[in-house]
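These notes are about the structure you will find just below.
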Amino acid sequence: METIKVGIREFRSQLPHYLLDAGQPLAITRHGETIGYYIPSRETERLAEVESLKVAASKLDALLKAAQVDEESVIAEFNSKRHQK
């Protein structure tokens, strides 16, 4: 897994993003020199979330197929409703 380099000011200002969404190790730098590392521990939870989304997507595909609804008609309906506002 590749390490991303991020400056200490950016790390501090974007801390919630890096703590919750980073997904890969970060090298914290100051004036270009690495001063520490952040290694997220939530990767297994993220993998479980991705797996549950895949299961949900396959169930949705099965429901749409059973109802004989194609993707293009769903997209067209969504776009028409979105442009009505």
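Give the shape of the chain as rounded, prolate or oblate, defined through the alpha-carbon gyration tensor: a ≥ b ≥ c are the square roots of its eigenvalues, a/c under 1.5 means rounded, and otherwise the shape is prolate if a/b is larger than b/c and oblate if not.
Numbers: a/c = 4.60, a/b = 2.23, b/c = 2.06.
Judged from the Cα gyration tensor, the chain comes out prolate (a/c at least 1.5, a/b above b/c).
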- Compare E72, E51, E33 in a GNM of the chain, Cα atoms joined below 10 Å, and give the one with the largest fluctuation. E72
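Among DSSP beta bridges whose residues both lie in the chain, state the antiparallel percentage, nearest 5. Working shown, then result.
Working: 5 of 9 bridges.
If we restrict to bridges inside the chain, about 55 percent are antiparallel.
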- Message: To test your reading of the geometry: what angle, between 0 and 90 degrees and rounded to tens, separates the Cα axis of helix 71-84 from the longest principal axis of the chain?
- Response: 80
- Item | segment 43-84: C-alpha gyration tensor shape, a/c 1.5 cut-off, then a/b vs b/c | oblate
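Using only helices, what value at 222 nm comes out for the chain when you add -39,500 (n - 2.57) per DSSP H run of length 4 or more and divide by the total residues, to the nearest 500 deg cm²/dmol? Mind showing how you got there, number by number?
Numbers: 4 runs with 51 residues, N = 85.
Helix contribution divided over all residues of the chain: -19000 deg cm²/dmol.
Can you tell me the FRET efficiency between R9 and E33 if r is taken as the Cβ-Cβ distance and R0 is 22 Å, rounded to the nearest 0.05? Please list the in-between numbers first.
On the way: r = 14 Å, r/R0 = 0.64.
That gives a FRET efficiency of 0.95.
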- Would you please give the residues with an amide H less than 5 Å from that of G7, counting only those at least 5 places away or on a separate chain, with H modeled from the backbone geometry? T29
- How far is helix 43-66 tilted off the main Cα axis of the chain, in degrees rounded to 10, range 0 to 90? 10
- Expected max-MSF residue from S52, S41, S13 in the GNM of the chain (alpha carbon, under 10 Å) is S13
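Every read-out reported here was derived from the displayed coordinates using simple, explicitly stated rules and does not represent laboratory data. Since we're looking at a predicted model, the values are computed, not measured. Using ideal geometry, Cβ is built from the backbone for each residue, glycine included, and neighbour counts are taken over all protein chains shown.
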